[in-house]
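Participant: Here it is: the structure, laid out below.
The values are calculated or read from the model by the stated rules, or taken from the named source; none is laboratory data. Given the structure is predicted, the values throughout are model-derived calculations rather than measurements. Methodologically, a virtual Cβ is constructed for each residue, glycine included, from the backbone with ideal geometry; neighbour enumeration extends over all protein chains shown.
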Amino acid sequence: MNMMRNLIICLIFFCCAAFVFSGCKAAREVQMPPVPVVPASYGDSLSGGTIASLPLKQFFTDPYLLQLIDSVLKNNPDLGIALQQVEIARATVAIRKGALLPQVNGLVTASGDHYGKYTMTGVGNFDTNLSSNISEGQKVATGFTPDFFIGFRSTWEIDIWGKLKQQQKAAIAGWLATERGRQYLVTGLVASVASMYYELMALDYELKIVKKNVGLQERALEIIKVQKEGGRATELAVRQFAAQLLNTQALEFRTRQEMVAIELQLNALAGRFPIEIKRDTSLMELPLPSVMHTGVPSDLLLRRPDIQQAEYELEAAKANVLAARKAFLPSLTIAPYAGFNAFRGNVIFNPSSIVYGLIGGITAPIFNGWRIRSDYQVANAENSQAVYNYQKLIYHSYAEVVTQYNRMQNNSRIFQLKNQEFQELSTAALTARDLYLSGYANYLEIITAQKSLLEAELQLAISKKDIYLSAVDLYRSLGGGWN
């Protein structure tokens, strides 16, 4: 016991001596860029509760859309990759926690040496064998000398300055950051699926419009052909009506191709080969989204997973900087061992073969200071990057919410105006047809009226779709969709 106490005293003495004489000291703290403070409101936008607090199944009520979202969240490959990243980060936390504890290893070794006559060990063994104080079984073989050890060896770095705790803190923050990254991916997937779903609904309606116009134009072409035969129309009029019909028919196939492309994208997101996407086809019958509350900008810090991810990455970077600063200080490592050790196999488990000991060491950076300083500079640069990334996300998310909120309001006004335009052009098309049949308008006025009516009806469907797309983007930008 006295020997053990003296060894510990020596270790403490050497630790203090190394700290004093090596001139070790932590590096000076580097000033980081300021973290922005979000404004109190979004200006003229609505306050109160935020739609981001609505669960996914309350914000989206279409059963086909919810079924599609559920399929994507279960089978999306990118989401599977993100989940494995979370598992990797969780395992890293366990590694960092284990670094604070002693490492104990079971050890079984067998070796042999032949010592020359002019070596210290060879002379010592020869002299030992001549001693009368040892028994016959204690004599050392003078030729090939075996050495057997069965026991345990341990190494333990004592976290005097808290370096290992800071590394553990950085690992925990990194794990939480990857989890928020997975949530942000969920938010993006939900928004993408919903947007493409509404795109498909709009294309369904556009296809219906195009087919209806193809039928109307086919009948108009037949009428103009009859009129030509009766001498009331010219070949030019027939060609113009035929060209208009061909243009509308081409539009039908262009619309079908867009539908195919979007369906393929949705199936790819769901991690499956192409199948039919079931959906509601009553876009124009859907009620317009109700008033959407944005809440206050500080809600973004609590709701948006990408901002929370940046916060945890910032926390991890700060912890890494502290760990890098403490690397300038000396570290204390102890390595105890215990077991059975003998140079004869038949006495390895003899109680007299029990051995134990303790090795302590002080490591102080002297000539490798350049590497530690470089590590510290890297940690500080990464910390600054994390701060700038956090700044960028705060500014971007605030602007994104304001943009999407105003986009939704403006799209609602556009839809109202497009609806009025469609009503006016519907009346104009009927009037042009009546005037043509009465001889007060020419065929070009009918073609122009029909073309304008088709474009207006398509634009009306697009403007209705844009309202829903802007609502989805507002929900996403406020941090909704992952819960």
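Participant: Check Gly106, Gly137 and return the single one that is over 30 Å from Leu478 (Cα atoms) and modelled with pLDDT under 90.
Facilitator: Checking each option against the conditions leaves just Gly137.
Participant: Identify all residues within the stretch 221-236 that are surrounded by fewer than 20 Cβ atoms within 10 Å (Cβ to Cβ) and assigned to a helix (DSSP H, G or I); write none if there are none.
Facilitator: Within the stretch 221-236, Leu221, Glu222, Ile223, Lys225, Val226, Gln227, Lys228, Glu229, Glu235, Leu236 meet the criteria.
Participant: Conditions first: (1) touching a Leu at 6+ places or on another chain (Cβ under 6 Å); (2) more than 29 Å from Arg96 (Cβ to Cβ). Asp147 passes all but one, so which condition is the exception?
Facilitator: For Asp147, the exception is condition (1).
A quick yes/no check of all residues on (1) surrounded by fewer than 12 Cβ atoms within 10 Å (Cβ to Cβ); (2) part of a helix (DSSP H, G or I); (3) assigned by TED's automatic domain parsing to the domain that holds Ala170; (4) modelled with pLDDT of 95 or more:
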| residue | (1), (2), (3), (4) |
| --- | --- |
| Thr92 | no, yes, yes, no |
| Ser111 | yes, no, no, no |
| Gly122 | no, yes, no, no |
| Ser131 | yes, no, no, no |
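Participant: Take the residues in the stretch 133-160 that are without any contact (Cβ under 8 Å) to a residue 60 or more places away in the chain and surrounded by 12 or more Cβ atoms within 10 Å (Cβ to Cβ); name whichever of them is nearest to Leu332 (Cα to Cα).
Facilitator: Taking the candidates together, the pick is Asp159.
Participant: Select, from Gln423, Gln391, the only residue that is exposed (fewer than 14 other Cβ atoms within 10 Å of the Cβ), modelled with pLDDT of 90 or more and not hydroxyl-bearing (Ser, Thr, Tyr).
Facilitator: Gln423
Participant: Does the stretch 364-383 contain at least one residue that is in a helix (DSSP H, G or I), modelled with pLDDT of 90 or more and aromatic (Phe, Trp, Tyr)?
Facilitator: No, that holds for no residue.
Participant: Tell me, yes or no, whether the stretch 304-312 has at least one residue that is part of a helix (DSSP H, G or I), loosely packed, with under 14 Cβ neighbours inside 10 Å and not small (Gly, Ala, Ser).
Facilitator: No, that holds for no residue.
Participant: Can you pull out every residue in the stretch 94-109 that is among the aliphatic types (A, V, I, L, M) and assigned to a helix (DSSP H, G or I)?
Facilitator: Ala94, Ile95
Participant: Criterion first (surrounded by fewer than 19 Cβ atoms within 10 Å (Cβ to Cβ), of a type outside the set (Ser, Thr, Tyr) and in the same structural domain as Gly174 (by TED's automatic domain parsing)) does Arg373 satisfy it?
Facilitator: Yes, satisfied.
Quick grid of which residues meet (1) more than 22 Å from the chain's Cα centre (by Cα); (2) among the charged types (D, E, K, R); (3) in the same structural domain as Ile414 (by TED's automatic domain parsing):
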site	(1), (2), (3)
Ser290	yes, no, yes
Pro297	yes, no, yes
Ile334	yes, no, no
Phe343	yes, no, no
Ile348	yes, no, no
Glu382	no, yes, yes
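Participant: Among the residues of the stretch 34-63, count how many are surrounded by 13 or more Cβ atoms within 10 Å (Cβ to Cβ), at pLDDT 90 or above and over 24 Å from the mean Cα position of the chain (by Cα).
Facilitator: 1
Participant: Okay, next question. If I filter the stretch 279-302 for residues that are at pLDDT 85 or above and not in a loop (DSSP other than H, G, I, E, B), do I get at least one hit?
Facilitator: Within the stretch 279-302, none of the residues are at pLDDT 85 or above and not in a loop (DSSP other than H, G, I, E, B).
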